[in-house]
1. Which ordering of A:E207, B:E67, A:E79 is given by a fewest-first count of other beta-carbon atoms within 10 Å?
2. If I model a spin label as a point 7 Å beyond the Cα along the Cα-Cβ vector, how far apart are those points for B:R232 and A:E198 in nm?
3. Can you tell me the mean projection area, over all orientations, of the convex hull of region B:150-227's alpha carbons? Units nm², please.
4. Just checking the output field for B:233-242: average partner chain Cβ neighbours within 10 Å of each residue's Cβ?
5. So in the protein assembly as shown, what percent of DSSP beta bridges are antiparallel if you round to the nearest 5?
6. Please arrange B:E106, A:E212 by counting, for each residue, the other beta carbons lying within 10 Å of its beta carbon, fewest first.
7. Quick one: pull the percentage of alpha-carbon pairs in region B:16-352 with a separation above 38 Å.
8. Using +1 at the Cβ of each Lys and Arg and -1 at the Cβ of each Asp and Glu in the protein assembly as shown, identify which of B:P58, B:A21, B:V221 lies farthest towards the dipole's positive end.
Amino acid sequence: MLREVSLSVAVGEVVALVGPNGAGKSTLLAALSGALPCAAGRVLLDGEDLTRWRPGPLAKRRAVLSQSHDLGFPFTVAEVVALGRFPHGPDPGDAARVVRALEEVGVGHLATRGWTRLSGGERQRVALARVLCQLDSPGRHALLLDEPTSAQDLAQQRRLLQVARRFADDGNAVVVVLHDLNLAAIVADRLVLLRDGEVVASGSAAEVLDTEVLGAAFQTTPRVVFIDDRPVVLPHLLPRQEG
Amino acid sequence: MTDGVPWGETSHRFGAAPWWALGSATVGVLLLGSASLGAVPIDVMDVLGMLASAAGLPVEASWTPLEETVLWRLRLPRVALSALVGAGLSLAGALTQGLFRNPLAEPGLLGVSAGAGLFAALAIVAGSSALSAWLATSTVAMSAFVGGLLTTVLVAAIATVDGRPSVTTMLLAGIAVSALAGAGLGLLLTLADDAQLRSITFWMMGSIGGATWPAVGVAAVGVGLPALVSLRWAPALDAMLLGVTEAQHLGVDTARVQAGTVAVVAMMVGVCTSLCGVIAFLGLVVPHVARRIVGPGHRRLLPLSVLLGAGLLAAADLMSRTVAAPAELPVGLLTTCLGGPFFLVQLLRHRRHP
């Protein structure tokens, strides 16, 4: 349950939601997407209350990448990405948009592969391509990502974060839920640290990735070191490894 | 939406144009063959001749009056009804699989067939045998239709909370209601006399034998209208395969599409079951085969399911009246005998690469 959460994301910004398990990161993202109605308070997209947006126009302006990718039918990857064009109706330019989205995420070579034959990491990337394809239209958009890098290797993590960064720099707003504090520090302009449904810290990486702040939130004392003046959170050594 | 997008190495794609033309041609040939073969064989050219002359074209009559009567009063209604019912059950199967997001689902899960069977048995046992043959058949048919609708409404009502249908609950409710209907049917069977018992048994095995033009008319409306409505939902149905929340994020009115799909399936299966009894396996096997040919996209899956279903049931009906001539096998028995092993073979072949 979320309590007294106040958050705003501007065009051009990437905001990362971080915090321990059960803090409410995914819940907050769901509330922002409109999937979870608010018992109290409001969500505004472009100044307009989310509940006043009609589903079609809303789907053209904001897209959500969720954690699970469950599709039990043998669509090709290209067809799955093309599903993202649903809100816009059929258009001759769709094939090109699909290819563009696939290339951006680096899964162009999988275009004709059957979805059911993909690995978990590949499915996650294809889902991102679908979501990008959904927002391939003029104007400003909001992209909500829930753990987009959870199944990715080092190279793909970097690539996906670059995609998110580029999307924001192109004049859109991005909110991303991340477990990995260092990835959050790399990609986000602002980190929002949640604990037990409340915002306990909000600011730049240097401000939030502080030993005391993190210690209070995660109930464990992390080691924060500085590399090139940037904070990096290191896992604590296990007892038997010390000394 | 997916035109122009590259097809590829998935095991089941052909180019767009050929399947449509090939499928239609095959079904046309099947229907023609079905019209000419049977206890009274009619030459194919004569069938075409009679059809042409009915269309107003000047054709020299080379057929006998008996052949003409057989064709118009018995054969054509039967072929038309089998095509319509086959199309309806197969389309309903494809829609059900989309609704439950599971390629192994079939319309029986919604409880329609169980309810129709129960109410048909009720009509038979309640003494419709005392009525004239036509009235008896219509009473059983109408009773079956009402039964099918009632069970579907019950299942849908159980599964809808705050106006939002839950597919998981629907599945469980369908199983529970079908079980109850089965129990009710069992009770009726104990109360029935020998003649009624036989009637009920054969009704449950399905038959196109009682085909009349009014029945064809009912099927045309009862299958045709819902079919046209469902075809318009093809893009939304595709999106819903991603999941309800995902589809909502894409702007799909999921509650409406789900409710509409249930209504369309209930209508088509209700009409088909009430006219011809329980014909199993079509709703499971036909969409499966169609999906292997053109893929899971509904824009192609739905029309191909209609086409394949029409051809298959017409062929099955042809077999049912020629294989053990002059006796007739119930067509539902044939579809089960053929559909069951076919499906098993498919499962065995593809269980490593679903």
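1. Ranked by crowding around the Cβ, least crowded first: A:E207, B:E67, A:E79.
2. It works out to 5.3 nm between the two label points.
3. The number I arrive at for region B:150-227 is 7.4 nm².
4. Values: counts 0, 0, 5, 1, 0, 7, 6, 2, 7, 12.
That works out to 4 on average.
5. 45
6. Ordered from fewest to most neighbouring Cβ atoms within 10 Å, B:E106, A:E212 come out as A:E212, B:E106.
7. 17
8. B:P58
We did not get these values from a lab; they are worked out from the coordinates using the rules stated. This is a predicted model, so every value here is computed, not measured. Counting neighbours? That spans all protein chains shown, and the Cβs are built from the backbone with ideal geometry, glycine included.
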